[in-house]
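Take this structure first; my questions come after.
The values are calculated or read from the model by the stated rules, or taken from the named source; none is laboratory data. Computed from a predicted structure; not experimentally measured. Don't worry about glycine lacking a Cβ; one is built from the backbone with ideal geometry, like all the others, and counts go over all protein chains shown. With ligands, DNA and RNA removed, areas are computed over all heavy atoms of the protein, side chains included. Shrake-Rupley method; radii C 1.70, N 1.55, O 1.52, S 1.80 Å.
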Amino acid sequence: MSTRLLTDPTDAATHIKAGQVVAFPTETVYGLGADAFNPTAVQRIFDAKGRPSDNPLIVHMAHAANVPQVAATVPPLAERLLKRFAPGPLTLILPRRPDVPLIVTAGLDTVGVRIPAHPVAHAFLTACETPVAAPSANPSGRPSPTSWEAVAAGLDGRIAAILKGGRAAVGLESTVVDCTATPPRILRAGAVTPADLQTVAPDIALAPAAGPVRSPGQKHRHYTPSAAVHLVERPDDASPDAAHAFIGLEAPAQPSAFGRVAVCADVAAYAHTLFDFFFQCDRDGVERIYCQRVAPEGLGLALMDRLERAAAR
Ligand code: AMP
Ligand code: MG
């Protein structure tokens, strides 16, 4: 299959209507979409990514008012979260409507829904006229793509089209909140932070690291570049070498001794840059990437989650 590069959201939507899969930009990372009500099309997502069939997909829609198309009920708390954070980088887990194909939810009786804020995603989802199931547009296990070039590097020839947009603003996947639990639980950290969520749901809890897996995707390997990832406290803990790279908030003493270096102004810039940095390092054949740890609070909680997973071998 030759993968088309598109700039018009309406053109991209014609592929969705024809049962094909299309990568599209969002403010978190690029998604790989298919018509959520077409199981054959959704199967193509799993095939293109090599995604385990027990890992459910998030359903994307243009408007919060469309959520009842896939959710059996929208509890009052979910209504309040949507009112405050949609459109935006937040996914809500809600009871699944029975007509949502089980392939989308990996057999679960719940469904993840998100309303992206990215204007191109919004135009695309509006033109699709159907909810769009979409995981991140990367081969399974690899870092999520934050540019159309990274999507093409991973999936060229395996998907019908890529809708081009700029670099993803956030750069990390959405915050996932389980609204079917009491109190609601954060299953995956993201740009909507625990403190943000507590303004609407004061009793919201972080899912325990141990215990039953509520979000199946969290048990799979994730975000792993080809290079080995090592986490360090300080830049000087990284060993300088032309085949090594460094990313963090502080500069190493000899930046020119590394093959590639990114010094980020703050945690938001670090999150925005991380997966693109991984992509560039893999393209350059970097063997080892040193990543400076950050405080696990606010957006730093999401960044440390991705860094820990990338470093786990
Ligand atoms: P991705 O879109 O590739 O970032 O992956 C989607 C994430 O959302 C995975 O971690 C899934 O486990 C999680 N997810 C999607 N739907 C559900 C659901 N119904 N229940 C719990 N987690 C979900
Ligand atoms: Mg993913």
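Report whether or not H272 is modelled with pLDDT of 95 or more, open to solvent by 70 Å² or more (accessible area, probe 1.4 Å), outside any loop (DSSP other than H, G, I, E, B) and touching a Lys or Arg at 6+ places or on another chain (Cβ under 9 Å).
Details: modelled with pLDDT of 95 or more: yes; open to solvent by 70 Å² or more (accessible area, probe 1.4 Å): no; outside any loop (DSSP other than H, G, I, E, B): yes; touching a Lys or Arg at 6+ places or on another chain (Cβ under 9 Å): yes.
No, not satisfied.
In this structure, is A62 more than 12 Å from ligand 1 (Cβ to nearest atom), closer than 18 Å to A127 by Cα and part of a loop (DSSP other than H, G, I, E, B)? Write out each step before concluding.
Details: more than 12 Å from ligand 1 (Cβ to nearest atom): yes; closer than 18 Å to A127 by Cα: yes; part of a loop (DSSP other than H, G, I, E, B): yes.
Taking the combined requirement at face value, the residue satisfies it.
Could you say which residue among V232, V267 is under 15 Å from L307 (Cβ atoms), modelled with pLDDT of 95 or more, β-branched (V, I, T) and under 19 Å from the mean Cα position of the chain (by Cα)? Quick ask: steps written out before the conclusion?
Details: V232 fails: under 19 Å from the mean Cα position of the chain (by Cα).
The match here is V267.
Please specify each residue of region 135-157 satisfying the condition of being more than 14 Å from ligand 1 (Cβ to nearest atom) and either of a type in the set (S, T, Y) or in contact with a strand residue (DSSP E or B) (Cβ under 8 Å, 6 or more places away or on another chain) (or both).
Listed by number, the residues that qualify are S147, W148, A152.
A quick yes/no check of all residues on (1) within 14 Å of ligand 1 (Cβ to nearest atom); (2) modelled with pLDDT of 95 or more; (3) more than 29 Å from A201 (Cα to Cα); (4) not β-branched (V, I, T):
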{"residue": "N66", "(1), (2), (3), (4)": "no, yes, no, yes"}
{"residue": "L94", "(1), (2), (3), (4)": "yes, yes, no, yes"}
{"residue": "L108", "(1), (2), (3), (4)": "yes, yes, no, yes"}
{"residue": "F124", "(1), (2), (3), (4)": "no, yes, yes, yes"}
{"residue": "C128", "(1), (2), (3), (4)": "no, yes, yes, yes"}
{"residue": "A133", "(1), (2), (3), (4)": "yes, yes, no, yes"}
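Can you name every residue in region 122-153 that is of a type outside the set (A, V, I, L, M, F, W, C), open to solvent by 30 Å² or more (accessible area, probe 1.4 Å) and within 20 Å of S226 (Cα to Cα)?
Those that are of a type outside the set (A, V, I, L, M, F, W, C), open to solvent by 30 Å² or more (accessible area, probe 1.4 Å) and within 20 Å of S226 (Cα to Cα): P139, S140, R142, E149.
How about region 171-186: which of its residues are under 16 Å from the mean Cα position of the chain (by Cα) and surrounded by fewer than 24 Cβ atoms within 10 Å (Cβ to Cβ)? Break it down into steps so the answer makes sense when it comes.
Narrowing region 171-186 to residues under 16 Å from the mean Cα position of the chain (by Cα): 171-177, 186.
Residue satisfying the conditions is I186 alone.
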